[in-house]
Amino acid sequence: MGLFSGRANLVGVDIGSSAIKLVRLRQASGSWELVAFSLGHLPPDAIVEGRVMNFAVVIERLRDVMRESGVKDADCALAISGSSLIIKRLALPEMTRAELDESIVWEAEQYIPFDIKDVNVDAQILNPRAGQGQMDVLMVAAKKDVVNEYVSVAVEAGLKPNVVDVGIFAALNMFEVNYSVPPDQTSALLNVGANSINVGVVSGGAVAFTRDIGVGGAQLTSEIQRHFNVSYEEAEAFKTGAESSLSSSTIAREVNKIADRVCDGMVTEVQRSLDFFVATSVKADIQRIYLTGGSAQLPALIRALERRMEVQVELVNPFRNISVDARRFDIDLLQRAAPVAGVAVGLALRRSGDAS
Ligand SMILES: Nc1ncnc2c1ncn2[C@@H]1O[C@H](COP(=O)(O)OP(=O)(O)OP(=O)(O)O)[C@@H](O)[C@H]1O
Ligand SMILES: [Mg+2]
C-alpha cells in the first residue's frame with residue numbers, strides 16, 4: 001500500500017431534474033485533480049418534484065454519461081434534496097458517537113411528520129467540544145422510498161451506491177474545498193437548479209441553517225415558452241442567450257423582462273428563508289451570498305439578489321482548487337459548465353465508507 005492510497009474516492013453522481021452530472025476526482029499529495037466530468041440532459045418530465053417519474057429515461061441517460069466518462073461499475077455518491085428530507089439542528093446532552101447512533105432515532109421521531117419506519121435517520125456532531133455537557137447535532141431524516149428511487153437508478157445503470165448525501169451538504173463541501181471563508185463570517189450558499197433552490201447558511205465554520213425551495217430556472221423556461229409559443233428547447237436557448245447573442249433584438253428585451261419578474265419571485269422565496277434564519281439565530285445578518293447551480297448564471301437573479309439582499313453576491317467556481325489537465329479537458333467548455341457541477345464535485349470529494 002502506498003502512502004497516499006487510502007480509501008478510494010467515490011464517483012459523484014448528481015441526478016438533477018434537468019441534467020445528470022458526473023464528476024470523478026483523484027487526490028494526489030493532498031491536492032485534488034479532475035479525472036472525469038460529463039453531463040447528460042433530461043427531458044422535463046423524467047424527474048418531477050424530486051421524484052423519478054421515468055426510470056427508463058434516467059437510467060439510459062446515466063449510462064450515456066458513464067460511457068462518456070469511462071466509468072463502469074464504480075462506487076458512487078448520490079444526492080437527494082427537497083421535501084423528502086427533514087434537516088434539523090438539535091442541542092443534545094453530550095454523548096459518544098455510539099450513544100448518539102442509538103438514540104438519534106428516538107430524538108428524531110418528534111420532528112418527523114412521517115412514520116419513523118419510512119425514513120433513514122442520520123446525525124452529524126457539529127461541535128463535540130462545546131463543554132457544558134451539551135453538543136449540537138445536525139439530524140437528517142430522508143424518506144426511504146425516495147432514497148431507493150435514486151439508488152435503484154444508479155444500480156440499474158451499473159453503479160454501486162456507497163453514500164447518499166444531502167444536496168446542499170455536498171454543495172457546501174465543494175464550497176469549503178474551494179473557498180476559505182473567515183470563521184466569523186456568516187454566509188449563504190444557494191444551489192440554484194432547474195426546479196429547486198437549495199439554501200445553506202454557514203456560520204462560525206458550521207452549517208447553521210438549510211432549506212430547500214421548490215422553484216428554479218425551469219419556471220423561466222416555461223414562461224418564455226408560453227410567452228413566445230416556442231418549444232422547450234427554443235425557450236432554453238432564448239433564456240441562456242438572453243444577454244449575449246440576442247442582445248440587440250426585441251426578443252432579448254422581452255426575455256429580460258420576464259427574467260426580471262421570475263427572478264424577483266425566486267429572490268422573494270430566498271429572502272423569506274434567510275429572514276427566517278436571521279430572526280431565529282443568535283448570529284444575525286448574512287454577510288455574503290455565494291451561488292452555484294445552472295440557474296445561478298442568470299444575470300437577472302444576481303441583480304435581484306444584490307438589490308434585495310444588499311450583500312455582495314459571488315458565483316462559485318467548483319474547480320477553483322482542483323487541478324485540471326488542459327490536455328484532457330477543454331478548459332473553456334469546463335468553465336462554462338462549472339456552475340452545474342457544484343453538487344457533483346461535492347459528492348466526488350466523498351470517500352467510500354464515509355458516514356452518509
Ligand atoms: N447560461 C445559463 N443561463 C441561465 N440558465 C442556465 C444557463 N445554463 C444552464 N441554465 C439553467 O440551469 C438549470 C440547470 O441547472 P442544474 O443542472 O443545476 O439543475 P438541476 O440540478 O438539473 O435541477 P434541480 O436541482 O432543481 O433538480 C436549467 O434550468 C438550465 O436552463
Ligand atoms: Mg440540482
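Taken together, the values in this text are just the output of simple stated rules run on the coordinates, not laboratory data. A quick note: this is a predicted structure, and the numbers were derived from the prediction, not measured. Reconstructed Cβ throughout: ideal geometry from the backbone, glycine too, with neighbour counts over all protein chains shown.
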- Task: Could you size up the charge dipole of the stretch 276-356 around its Cα centre, putting +1 on the beta carbon of Lys and Arg and -1 on that of Asp and Glu, and report it in debye to the nearest 20?
- Result: 80 debye
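If R0 is 30 Å, what FRET efficiency do you get for ARG308 and THR250 from their C-beta distance, rounded to 0.05?
It comes out at approximately 0.65.
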- By how many nm would the segment from GLN335 to THR280 lengthen if fully extended, with 0.36 nm per residue of separation less the alpha-carbon distance? 16.1 nm
- Query: What ranking do THR268, THR210, THR280 get, fewest neighbouring Cβ atoms within 10 angstrom at the top?
  - Reply: THR280, THR268, THR210
- Rg followed by Dmax, in Å, when the stretch 92-229 is reduced to its Cα trace: 18.3, 63
- Write out the trypsin sites (Lys or Arg not before Pro) in the stretch 127-208 meeting two conditions: DSSP loop, and at most 15 other Cβ atoms within 10 Å of their Cβ. ARG129
- Item | Peptides 80-88, 320-328 ordered by average Cβ neighbours within 10 Å, highest first | 80-88, 320-328
- Give me the distance in nm between label points sitting 7 Å out from Cα along the Cα-to-Cβ direction at ASP145 and ASN120, one decimal. 1.7 nm
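Quick check on the stretch 11-136: take the gyration tensor over C-alpha atoms, sort the square-rooted eigenvalues as a ≥ b ≥ c, and tell me if it's rounded (a/c under 1.5), prolate or oblate. Intermediate values should be presented prior to the final figure.
Working: a/c = 3.21, a/b = 1.57, b/c = 2.04.
Verdict is oblate for the stretch 11-136.
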- When the chain is treated as a Gaussian network with springs between alpha carbons less than 10 Å apart, the largest mean-square fluctuation among LEU78, LEU42, LEU172 is found at LEU42
- With the Cα gyration tensor of the chain in hand, convert its eigenvalues to equivalent ellipsoid semi-axes via √(5λ) and list them largest first in whole Å. 31, 25, 21
- Item | Three principal axis lengths of the stretch 119-198 [C-alpha, angstrom, descending] | 46, 31, 22
- Message: Largest first and in whole Å, what are the equivalent-ellipsoid semi-axes of the stretch 181-315 based on the Cα gyration tensor, each being the root of 5 times an eigenvalue?
- Response: 31, 13, 12
- Could you give the length gained on full extension between SER222 and ARG327, defined as 0.36 nm per residue of separation minus the Cα-Cα distance, in nm? 34.0 nm
- Could you compute the FRET efficiency for SER180 and GLU94, with r as their C-beta to C-beta distance and R0 at 30 Å, rounded to 0.05? 0.55
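Run the helix sum for the chain: -39,500 (n - 2.57) per DSSP H stretch of 4+ residues, divided by residue count, reported at 222 nm to the nearest 500 deg cm²/dmol.
-11500 deg cm²/dmol
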- Task: Using +1 at the Cβ of each Lys and Arg and -1 at the Cβ of each Asp and Glu in the chain, identify which of MET266, MET174, VAL324 lies farthest towards the dipole's positive end.
- Result: VAL324
- For the chain, what is the charge dipole size about the Cα centre, in debye to the nearest 20, if Lys and Arg each add +1 at the Cβ and Asp and Glu each add -1 at the Cβ? 580 debye
